[in-house]
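These notes concern the structure reproduced below.
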Amino acid sequence: CLLLGTPGQYGLNSLAEILTGEASPSGRLSDTWCYKNLAAPAMWNFTPVAYENAKEMGVPDNGDTYQVYQEGIYIGYRYFETRYEDFIMGTGNAGDYQYKNTVAFPLGYGLSYTEFQWDNMSTHYDAAQDAFEISITVTNTGNRSGKEVVQIYGRSPYTDYDKEVSVEKAAVILCGYGKTKLLAPGESQELTVTFELTNLESYDPAKAAYVLEAGE
């Protein structure tokens with residue numbers, strides 16, 4: 001299954017190169033694909049609701065409806081991954097949730113004609129930038145040239161205080177990503193992904209501020 005956006009003048013040339021094996025695909029999905037769209041909580045409120053007294057108040061027809069937003073931060077993968085964790089851990093109100101029957105292709109999914117191996121992961125904190133640098137050695141272990149995508153996800157502790165004041169936190173957060181150059185079979189590259197620590201902050205309604213829990 002190959003997803004091709006607006007091809008432009010030369011896009012179909014690239015499509016032909018991928019289908020014939022001349023080029024190896026390296027794209028990744030930027031959203032979660034489900035078997036049914038109604039699996040996303042936002043879909044249940046995705047309908048215009050009419051103001052009951054719109055006519056009485058003289059509201060024009062093009063402004064007499066409103067949209068309900070109840071899902072908060074739980075959009076896309078943040079919802080599906082969090083509900084999966086709640087189901088596995090027996091927390092929250094996940095119900096009888098089956099991830100494999102809900103999510104067809106997760107965020108960041110993508111295939112290649114070759115295979116890669118990751119080694120030597122290291123982290124460095126840059127105090128001046130308040131950012132983390134994650135370095136990983138990526139090696140093409142297959143017999144075809146290709147590019148690999150490295151995605152960095154973070155997790156924040158979910159404390160008793162968070163529960164008390166209703167801090168919303170997703171199970172995982174995509175903090176950053178990077179793509180290697182075109183690697184020949186057996187070739188390696190050290191890829192560094194940088195992300196600011198603010199990516200892991202959560203909104204605290206009690207303090208009306210974004211906060212960062214202590215963690216590793």
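The values are calculated or read from the model by the stated rules, or taken from the named source; none is laboratory data. Since this is a predicted model, take the numbers as computed values, not measurements. Using ideal geometry, Cβ is built from the backbone for each residue, glycine included, and neighbour counts are taken over all protein chains shown. Quick note on the areas: whole protein, heavy atoms, side chains included, nothing else; ligands and nucleic acids left out. Shrake-Rupley method; radii C 1.70, N 1.55, O 1.52, S 1.80 Å.
For every residue, the table says whether it meets (1) at pLDDT below 90; (2) closer than 30 Å to Ser14 by Cα; (3) not hydroxyl-bearing (Ser, Thr, Tyr).
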residue: Ser30; (1), (2), (3): no, yes, no
residue: Leu38; (1), (2), (3): no, no, yes
residue: Ala50; (1), (2), (3): yes, no, yes
residue: Ala54; (1), (2), (3): yes, no, yes
residue: Met57; (1), (2), (3): yes, no, yes
residue: Thr65; (1), (2), (3): yes, no, no
residue: Met89; (1), (2), (3): no, no, yes
residue: Thr102; (1), (2), (3): no, no, no
residue: Phe116; (1), (2), (3): no, yes, yes
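I need the strands (runs of 3 or more DSSP E) fully contained in region 111-164, keeping only those with at least 1 residues that are open to solvent by less than 40 Å² (accessible area, probe 1.4 Å) and touching a helix residue (DSSP H, G or I) at 6+ places or on another chain (Cβ under 6 Å).
Details: elements: 116-126, 131-140, 149-154.
Where strands (runs of 3 or more DSSP E) fall fully within region 111-164 and carry at least 1 residues being open to solvent by less than 40 Å² (accessible area, probe 1.4 Å) and touching a helix residue (DSSP H, G or I) at 6+ places or on another chain (Cβ under 6 Å), they are 149-154.
Kindly list the number of the only condition in (1) touching a residue at least 60 places away in the same chain (Cβ under 8 Å); (2) over 21 Å from Glu85 (Cα atoms) that fails for Glu168.
(2) is the only condition that Glu168 fails.
What strands (runs of 3 or more DSSP E) lie completely within region 174-214 and have 3 or more residues being touching a Ser or Thr at 6+ places or on another chain (Cβ under 6 Å)? Lay out the reasoning, then the answer.
Working: elements: 188-196, 202-204, 209-211.
Per the criteria, 188-196.
Going through region 173-215 one residue at a time, which ones are closer than 30 Å to Ser24 by Cα, open to solvent by 30 Å² or more (accessible area, probe 1.4 Å) and in contact with a helix residue (DSSP H, G or I) (Cβ under 8 Å, 6 or more places away or on another chain)? I'd like the intermediate steps shown before the answer.
Going through region 173-215, the residues closer than 30 Å to Ser24 by Cα turn out to be 173-195.
Applying the additional criterion that residues be open to solvent by 30 Å² or more (accessible area, probe 1.4 Å) yields 174, 177, 179, 181-182, 184-190, 192, 194.
Once the filter is applied, which keeps residues that are closer than 30 Å to Ser24 by Cα, open to solvent by 30 Å² or more (accessible area, probe 1.4 Å) and in contact with a helix residue (DSSP H, G or I) (Cβ under 8 Å, 6 or more places away or on another chain), region 173-215 yields only Leu174.
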